[in-house]
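Derivation of every value follows stated rules applied to the coordinates shown; laboratory data play no part. What you see is a predicted model; the values in this text were computed from it and never measured. Ideal geometry is used to build each Cβ from the backbone, glycine not excepted, and the neighbour counts take in all protein chains shown.
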Amino acid sequence: MRDQFSVIFVFLIIALASCSAAAKQSKKTIGSTVSLFMASITPPIIGNLIIIRSGTVVPATIGYYIYFLGMDFMIWSLLKFAVEYCGYKWSTNAGRVIMEILLAVDILQYGFDPFLHQAFTTEPVPVDGFNYYRLVPRLGQAYHRAVVYGVLAVVIIMLVIKTVRSSRIYSERYSVILGTLILAAVWQTFYIFSRTPVDRSMIGFGIFGLLIFYFSLYYRPMRLLDRMLANIASEMPEALFLFDSGGKCIWGNEPAKELTGIDENTFDKMDTILGGKFGDCLGKPDNWFSGFVLGEDDEAQYFVIENHHVNDDKGRFAGSFLTVRDNTGEQRKLRREMYNATHDRLTGLHTREYLYQRISELVQNSPDVRRYIVVLNIRNFKVVNDIFTNEFGDKVLIYLAERIRATLSDNSLYGRIAGDIFAACVPVDEFDMDEMERRFSDYTVGDGSVEYNILVHLGVYEITEQNIDVSVMIDRASLALSTIKDDYHKHVAVYDEALRRNMLWGQHISNQLTDALTDGQIRPYLQAIVDKSGRIVGAEALARWIHPSEGFLSPGLFIPVFEKNGMIVEVDRFMWKSACEILSRWQKEGVDLFISVNISPKDFYFMDVAAEIRGLVKEYGVDPSRLRVEITETVMMTDIESKMKILDELREAGFIVEMDDFGSGYSSLNMLKDMPVDVLKIDMKFLSRTEDTVRAQTIVRNIINLSDDLGISALTEGVETESQYKVLSGMGCRMFQGYYFSKPIPVGDFEELTRSGITPA
């Protein structure tokens, strides 16, 4: 028996050493820990080998020391392996430190045992005619066993918890290791209590070490893996079809059966059904990916099909599997997102960016087709929002979008490019100017309680240059639209050569403005303002341009251009400064006259008007009452409170504020009660707009009387005849301006005129 156990122990030592070396070379993270544990099992086995081969007390005692110290080393490395293998982490270092201290104390007490004999002694026992020195345990040995079994219990608990909590595919490897460890521990316990001479339990620990090597580094639960893969395939949301090397379907999961409408007994029909749905896509010996669409429009279904071939271990084609995934939901979501990105949320029409892109593609792809770019704009849409709320304004926009859809064919493109501005690209042969005039001239939008007449203007540009940017085409159509934006009778305007010339002219003179101001080409002209007796009391400063090549430019050729592009601000600032220079000189010469200067709507957006004018009169030492400021009622159409605050500041600083063109709009009387003005300038065109002269004169007379009652002076401009002068004088008007007295003339000519005086005929 001694020889038999010796052979077994030697075999285990060699096997464990080989496994330790192999584990050391493993690329797995746990390899080094497994290698350490394999190495730690060999000392107890070596100790037992020495014990059973010894015939005297000294070698046997040395064997026992190797055995017990080796057990401490093995149980420590087992604990380290269990923590790492089960994926645990010490919540604190205290538990680990305590166990290591207990093991260290055990090792230390064995160091004193040769002198104190507190751990164990030996006694000879005859076994097969040979003395075997059996262990006689003492108190120190009891401590050793308590420590070893305590750590062993902790490891067993770890493995039990991991086995219970792991899925079946992983619990198998934990349960095998756990069972082997428990068996070895029971075997060791039996050896202790049975007082058997030879410790056979070390065979169990050796086998336990070999199992750990296998399960931690090489074990793959193939049976459970196969079952798991089968379950995964069965529970896949995609339809899965398996084909043999001949291209015949041999299996399909539940989604595959639902897709094809067959059962397990009719897999042979799967090929025909799939071929009918998706064409020739079955059993091909290659890998490919494709998308299929079944049905049309909103009823369409979208599928993604992937085919994979499978080779055997010799590289020969063994079969294939096909997956069919229904991604209809994803595609519909994607289509909704794309639609929302390219269509206006309110009206459902194309967005500006998408419309421009589509128009550009259309024009480039079919350059021979004549097309119009049409820009549509709702007149005074801001009034709709301000008076009837934004909700009603949205209803107006939706209604206009519906009318555009109903009017234009599928050959047209259309969209909403900003606010109340819409645009379309329409074939020329489908665009009837008269029909468009009729359809968009006037219609009513209501919500049951409110109705509003909508007036839409259209600007039209025929695409003659395919290579220019769509935004330029839109600008040209918008330019045509701007020519009729204040016209109630005409609703369609076409971009033509005259508009193009005007645009080029605007660019031409805009580029020359800075030099014109610096070189004195633009200069102030003064038009006399007289009192009832015909005496000149002041003048209005008007900008005139003496161009070096064009000659005298009519204000109508440059003022509207600058008002549109904002450069009027520079002209106005120049005119204010020029007026202050003139007034400063007049004050020194004792000339008691005022000058009126104009403030354009754009001035309020690009500068602090009040601060600018106050700074000029202070710089030139001018009495503020001599520099009158003129505004038109259109200035007050937006941001009224802010504008009134500015006018109040000017009046408080001593300036006189005049409202020009009073009566030319529709809101003057409504604003007059709150307007901080000192003078009303009544345009004589007001009288010429009607054939009912008596009624017009009655209105003017009452405006003059009303202004007197409000403490506001009335000034009539545009007086061209003696009869007009006499009629207005009879109505009580006290100041006049017009060609009957003087046209706008250079400053020097005006000063000469003041010296000679004006006497009305």
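Placing pseudo-labels 7 Å out from each Cα toward the beta carbon at ASP410 and ASP447 gives an inter-label distance of 3.5 nm.
Normalising by the residue count of the chain, find the relative contact order in percent from Cα pairs under 8 Å and 6+ residues apart.
Numbers: 1116 pairs, mean separation 45.3, N = 761.
Value for the chain: 6 percent.
Note: region 339-421, Cα convex hull, 94 Å³ per residue. Within the same chain, lysines fewer than 8 places from LYS532 are excluded, and of the rest, those with a Cα less than 30 Å from its Cα are LYS577, LYS588, LYS673, LYS681, LYS685, LYS726, LYS743.
State the dimensionless ratio Rg/Rh of region 372-497 (Rg: radius of gyration of Cα atoms; Rh: Kirkwood radius). Write out the running numbers ahead of the final one.
On the way: Rg = 14.4 Å, Rh = 14.9 Å.
Rg/Rh for region 372-497 comes to 0.97.
Rounded to 0.05, the FRET efficiency of the ILE182 and ARG332 pair, given R0 = 51 Å and the Cβ-Cβ distance, is 0.30. Here the Karplus relation 6.51 cos²θ - 1.76 cosθ + 1.60, evaluated at θ = phi - 60°, turns the backbone of region 14-20 into coupling constants of 5, 5, 5, 5, 5, 5, 4 Hz, with x for every Gly and Pro. Residues whose amide H comes within less than 5 Å of that of GLY538, counting only those at least five positions distant or on another chain, are ILE529, PHE594 (H built at 1.01 Å from N in the peptide plane).
Relative to a virtual label point 7 Å from the Cα of VAL369 in the Cα→beta-carbon direction, which members of region 401-429 show backbone nitrogen distances below 16 Å? Only 408-415, 424-429 fall inside the zone, counting backbone N under 16 Å.
Translational diffusion coefficient of the chain at 25 °C, 0.890 mPa s, Stokes-Einstein with Kirkwood Rh over Cα pairs, in µm²/s as a whole number. Working shown, then result.
Details: Rh = 37.9 Å.
D = 65 µm²/s.
Annotation: aspartates and glutamates with alpha-carbon distance below 14 angstrom to LYS490 (same-chain offsets under eight excluded): ASP434, GLU435, GLU437, ASP442. Between the C-alpha center of region 1-56 and that of region 302-338 there is a gap of 52 Å.
Under a 5 Å amide H cut-off, with hydrogens placed 1.01 Å from N, VAL492 pairs with LEU458 among residues at least 5 apart or on other chains. Name the residue farthest towards the positive end of the dipole of the chain from the options LEU517, GLY446, HIS309, assuming +1 on Cβ of Lys and Arg, -1 on Cβ of Asp and Glu, about the Cα centre. Among LEU517, GLY446, HIS309, the one farthest towards the positive end of the dipole of the chain is HIS309.
With r defined as the distance between the Cβ atoms of ILE30 and THR189 and R0 fixed at 45 Å, what FRET efficiency is calculated, to the nearest 0.05? Could you put the intermediate results ahead of the total?
Numbers: r = 29 Å, r/R0 = 0.64.
With R0 = 45 Å, the Cβ-Cβ based efficiency is 0.95.
Once each part is reduced to its C-alpha centroid, what is the distance from region 604-655 to region 432-501 in angstrom? Cα centres, region 604-655 to region 432-501: 36 Å. With the simple spin-label model, which puts each label point 7 Å out from Cα in the Cβ direction, the GLU361 to SER510 separation comes to 3.3 nm. With 0.36 nm allotted per residue and the present C-alpha distance subtracted, the TYR399-ASN93 stretch has 102.6 nm of extension available.
Only four residue types carry charge here, +1 at the Cβ of Lys and Arg and -1 at the Cβ of Asp and Glu. Report the dipole size of the chain about the Cα centre in Debye, rounded to the nearest 20.
Values: 77 positive and 98 negative charges, 987 e Å.
Taking the Cα centre of the chain as origin, the dipole is about 4740 debye.
Taken over the alpha carbons of region 494-545 as equal point scatterers, the Debye sum produces base-10 log I(q)/I(0) values at 0.27, 0.31, 0.32 Å⁻¹ of -0.96, -1.05, -1.07. Return the long-range amide H neighbours of GLY738 (sequence gap of 5 or more, or a different chain), with a cut-off of under 5 Å between placed amide H atoms. The list, which skips near neighbours in sequence, is GLY718, VAL719.
Local charge sum around VAL304 (other residues, Cβ-Cβ under 10 Å, Lys/Arg +1, Asp/Glu -1)?
On the way: positive: ARG325; negative: GLU238, GLU306, ASP326, GLU330.
Value of the local net charge: -3.
With each label modelled as a point 7 angstrom along the Cα→C-beta vector, the MET503-TYR739 pair spans 3.4 nm. Using the Cβ-Cβ distance between ASP486 and GLU652 with R0 set to 51 Å, the FRET efficiency works out to roughly 0.90. For a straight C-alpha distance cut-off of 17 angstrom, the aspartates and glutamates reachable from LYS257 (same-chain residues fewer than eight places away being disregarded) are GLU235, GLU238, ASP268, ASP271, ASP326. In whole percents, the pair-distance distribution calculated for region 55-213 from its alpha-carbon pairs, binned every 10 Å from zero, is 9, 35, 33, 16, 6, 1.
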